[in-house]
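To start, the structure under review is shown below, and the notes come after it.
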Amino acid sequence: MWKHNLKKPVIFIVGPTASGKTDLSVQLATILNTEIISADSRYFYRMMDIGTAKPDAEEMANIKHHMIDIADPDKTISVAIFKQQVTEIIANMHQETKIPIVVGGTGQYVHAILHNWEMPELKSDQQLRELLENYAEQFGKLKLYEFLQKVDPEAAKIIDFRNLRRTVRAIEVMLKTGHRFSEQRRKNASIYTQKIIGISWDRVGLYQRIDDRIDKMIENGVIEEVRRLLDFGYSSNLPSMSAIGYRELAGYVQGENTLDEAVILMKRNSRTYVRRQANWFKANDPNIVWFEGDELDSRKVIEYIQSESGWIQPE
């Protein structure tokens with residue numbers, strides 16, 4: 001429960017992949033007797049558990065989690081849909097005087113809530129999309145991505161060139177509206193009073209955690225998980241399968257590379273992803289209070305949360 005003079009409080013936990021966001025969020029939710037809202041786009045999809053490092057069954061049994069396992073792998077949860085659903089969840093939690101904890105490393109989903117994004121209502125142009133997709137198929141995804149880099153470098157910074165769907169969408173929006181995709185998401189005054197907690201690691205330590213986690217995923221059966229998805233008919237080209245680990249291991253399962261090659265790609269692509277996340281959650285952002293991951297103490301985080309300082313008031 002929050003103090004009566006605090007307007008619609010929301011706690012955000014952000015940071016790079018493998019930084020420990022899930023563990024911290026569960027600890028805080030337990031202490032504060034509240035619930036967790038996932039802002040990790042990889043968690044949306046059913047049957048994708050090991051490769052996404054979802055919270056385990058015990059964690060989700062003890063603490064209510066939202067926005068996990070809400071769609072089949074062949075469905076798409078857009079930022080607009082995410083924002084609409086999460087806004088409703090937060091409102092319901094506030095009615096129960098609970099402080100929502102939004103946790104995740106998918107920058108655009110976190111920022112959609114943080115900054116109350118207003119997304120453009122633009123219907124997809126199937127003919128244009130097919131034209132762009134055919135170009136990527138003929139000349140390669142990287143070639144299409146290089147075009148995006150030229151016409152909208154800010155959008156390119158936050159889009160993985162392997163994510164054809166997002167590359168196509170960014171170009172489509174720009175061509176249809178005449179304005180850059182990076183300028184389309186209009187910020188509005190936040191409707192929440194916020195505290196943003198970041199977990200930071202030095203790169204060497206973080207990369208070691210990523211490597212260890214990937215090795216553990218292999219031990220825990222992620223290859224079988226990928227094989228099962230393919231056996232169910234889910235294509236490795238689906239947007240959901242662009243999550244690091246799935247496409248690389250799909251290549252191994254389908255005989256396109258060796259397991260060692262797939263694991264090397266997973267670790268390399270994870271490092272690239274970390275650098276991209278840094279564009280969303282900047283170390284010098286004055287609104288984020290960073291805690292060192294190797295010295296993380298939930299009691300210190302709770303002390304900060306319960307203090308009067310740091311709450312970012314709606315403008």
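A compact table of results
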item	result
Helices (runs of 4 or more DSSP H) wholly inside segment 31-121 that include at least 3 residues being of a type in the set (S, T, N, Q) and free of Cβ contacts under 8 Å to residues at least 24 places away in the same chain	79-95
Any hit, segment 131-140, residues being free of Cβ contacts under 8 Å to residues at least 60 places away in the same chain, closer than 27 Å to ALA18 by Cα and not small (Gly, Ala, Ser)	no
Boolean, LYS54 is crowded, with 23+ Cβ neighbours inside 10 Å, under 22 Å from MET266 (Cβ atoms) and among the charged types (D, E, K, R)	no
LYS21 vs. criteria touching a residue at least 60 places away in the same chain (Cβ under 8 Å) and in contact with a Ser or Thr (Cβ under 7 Å, 6 or more places away or on another chain)	no
Among (1) of a type outside the set (D, E, K, R); (2) touching a Lys or Arg at 6+ places or on another chain (Cβ under 6 Å); (3) farther than 30 Å from PHE232 by Cβ, the one test that TYR43 misses	(3)
Output for segment 225-258, where each listed residue is more than 24 Å from the chain's Cα centre (by Cα) and either outside any helix (DSSP H, G or I) or modelled with pLDDT under 95 (or both)	PHE232, GLY233, GLN254, GLY255, GLU256, ASN257, THR258
Complete set of residues in segment 273-304 that are touching a Pro at 6+ places or on another chain (Cβ under 9 Å) and either polar (S, T, N, Q) or modelled with pLDDT under 90 (or both)	GLN277
Test result for LEU132, modelled with pLDDT of 90 or more, over 19 Å from ARG276 (Cα atoms), surrounded by 18 or more Cβ atoms within 10 Å (Cβ to Cβ) and not basic (Lys, Arg)	yes
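Rundown of residues vs (1) modelled with pLDDT under 90; (2) small (Gly, Ala, Ser), yes/no style:
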| residue | (1), (2) |
| --- | --- |
| SER182 | yes, yes |
| LYS187 | yes, no |
| TYR192 | no, no |
| LYS195 | no, no |
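The values are calculated or read from the model by the stated rules, or taken from the named source; none is laboratory data. This one's a predicted model, so the numbers in the text were calculated from it and none came from an experiment. Note that we place each Cβ from the backbone using ideal geometry, even for glycine, and neighbour counts take in every protein chain shown.
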